[in-house]
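Asks: Input: one structure, supplied below.
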Amino acid sequence: RIAYVNGQYRDMRDASVNIEDRGYQFSDGVYEVCEIRGGKVVDMPRHLTRLQRSLRELRIDMPMPLAALEIVIHETVRRNRVSYGIVYLQVTRGVARRDHAFPVNPVKPALVVTARGLNLQKNQDTAAKGIGVITVPENRWPRVDIKSVSLLPNVLAKQQARENSAYEAWFVDHNGHVTEGSSSNAWIVTTDGKVITRSVDSGILAGITRAVLMEVLAALQIKLEERPFTPAEAYEAAEAFVTASSQIVMPVVRIDGRNIGDGKPGSISMRLREEFHRFSA
Ligand code: PDD
């Protein structure tokens, strides 16, 4: 596998970053994950717009002009010959002697891009069975709108899910509402066919898959309500699913050990999953 690291394409085994990179010492950086389908990067413009926003919020410079970044992403995908999988890009503030405040003399942001193939059949099999979710108390910082590489609460939540034979953990805020998953947005479908997800005003990352799915819903004339929901409402929902670039629409069939609907992936969830790529760019 080949990685792009600060200006060079390197074999992953030889690719490395400086031990004083601020991403390593302070999680002082941001990232993006895009799906690769048919060798093409899905919804790249939206991902790059979000990357720019994350960087702006943290006052980190773009590592290179947008057009150049697009070329690096395409080239990394091409060199790894990925047809289906994900591309990962990470930008950190750069390398400086350890000091919490920004470097006094500006440093160049560090850029890493990797791509890896995933097993599409395995993903389809997981979707056909549906996944289990657990709920955990929200313990992340309030700026989850920034796609920061600082992911410890997400790491611990995902591990807890795994140890409970679940695939994802949904954070529940102090009002008792689900915010989002540790690496996905959370959705339910009511028994009267309305699709519910929290608005991007607070507590969640503005998912790209989420945004595209809203266009799918509009086109299919499925009613959408952007509002918070509780785990109790989710237990009684007809369907539930999560969205993320790495899995698009993934049906949820169990929450905190309770079956959702008949315990099988819902028809609306599966329809949305099938229709998604007609609407993504
Ligand atoms: N995660 N919420 C969180 C906390 C996420 O980490 C992600 C994505 C999403 C969904 O966003 P999008 O649809 O733009 O992928 C929501 C990526 C895939 C990851 O960390 O691997």
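The values are calculated or read from the model by the stated rules, or taken from the named source; none is laboratory data. Since the structure is predicted, the reported quantities are computational estimates derived from the model, not experimental observations. As a convention, Cβ positions derive from the backbone with ideal geometry for all residues, glycine included, and neighbour counts pool all protein chains shown.
Asks: I need the full set of residues from the range 1-52 which are of a type in the set (Val, Ile, Thr), closer than 21 Å to ARG81 by Cβ and within 16 Å of the ligand (Cβ to nearest atom), in order please.
Replies: VAL33, ILE36, VAL41, VAL42
Asks: Okay, moving on. What are the residues in the range 175-186 that are more than 13 Å from the chain's Cα centre (by Cα) and within 11 Å of the ligand (Cβ to nearest atom), if any?
Replies: Result: THR179, single match.
Asks: Could you tell me how many of the residues in the range 25-67 are crowded, with 17+ Cβ neighbours inside 10 Å and under 14 Å from the mean Cα position of the chain (by Cα)?
Replies: Result for the range 25-67: 15.
Asks: Now, a different point. Which of the residues spanning the range 1-24 are surrounded by fewer than 18 Cβ atoms within 10 Å (Cβ to Cβ) and small (Gly, Ala, Ser)?
Replies: GLY7, ALA15, SER16
Asks: Give me the pairs: first residue in the range 258-280 and surrounded by 15 or more Cβ atoms within 10 Å (Cβ to Cβ), second residue of a type in the set (Ser, Thr, Tyr), beta-carbon distance under 8 Å, and six or more apart or on different chains, which are they?
Replies: Every condition considered, the pairs that remain are ILE260/TYR235; PHE276/THR209.
Asks: Run down VAL149, VAL172 and say which single residue is within 15 Å of the ligand (Cβ to nearest atom), hydrophobic (A, V, I, L, M, F, W, C), surrounded by 13 or more Cβ atoms within 10 Å (Cβ to Cβ) and more than 22 Å from SER245 (Cβ to Cβ).
Replies: VAL172
Asks: Another one. I'd like to know if the range 188-196 contains one or more residues that are at negative phi, within 15 Å of the ligand (Cβ to nearest atom) and assigned by TED's automatic domain parsing to the domain that holds VAL216.
Replies: No, that holds for no residue.
Asks: Can you tell me how many residues within the range 105-122 are at pLDDT 95 or above and over 25 Å from GLU75 (Cβ atoms)?
Replies: Looking only at that region, the number is 2.
Asks: If LYS122 satisfies all but one of (1) more than 13 Å from the ligand (Cβ to nearest atom); (2) within 15 Å of the chain's Cα centre (by Cα), what's the number of the condition it fails?
Replies: In the conditions (1) more than 13 Å from the ligand (Cβ to nearest atom); (2) within 15 Å of the chain's Cα centre (by Cα), LYS122 misses (2) alone.
Asks: Within the range 94-109, does at least one residue satisfy the condition of being within 13 Å of the ligand (Cβ to nearest atom) and either over 16 Å from the mean Cα position of the chain (by Cα) or surrounded by 16 or more Cβ atoms within 10 Å (Cβ to Cβ) (or both)?
Replies: Looking for residues that are within 13 Å of the ligand (Cβ to nearest atom) and either over 16 Å from the mean Cα position of the chain (by Cα) or surrounded by 16 or more Cβ atoms within 10 Å (Cβ to Cβ) (or both), one finds none in the range 94-109, hence no.
Asks: OK, next. What is the residue count in the range 53-91 for residues that are within 16 Å of the ligand (Cβ to nearest atom), not in a helix (DSSP H, G or I) and not aliphatic (A, V, I, L, M)?
Replies: Result for the range 53-91: 4.
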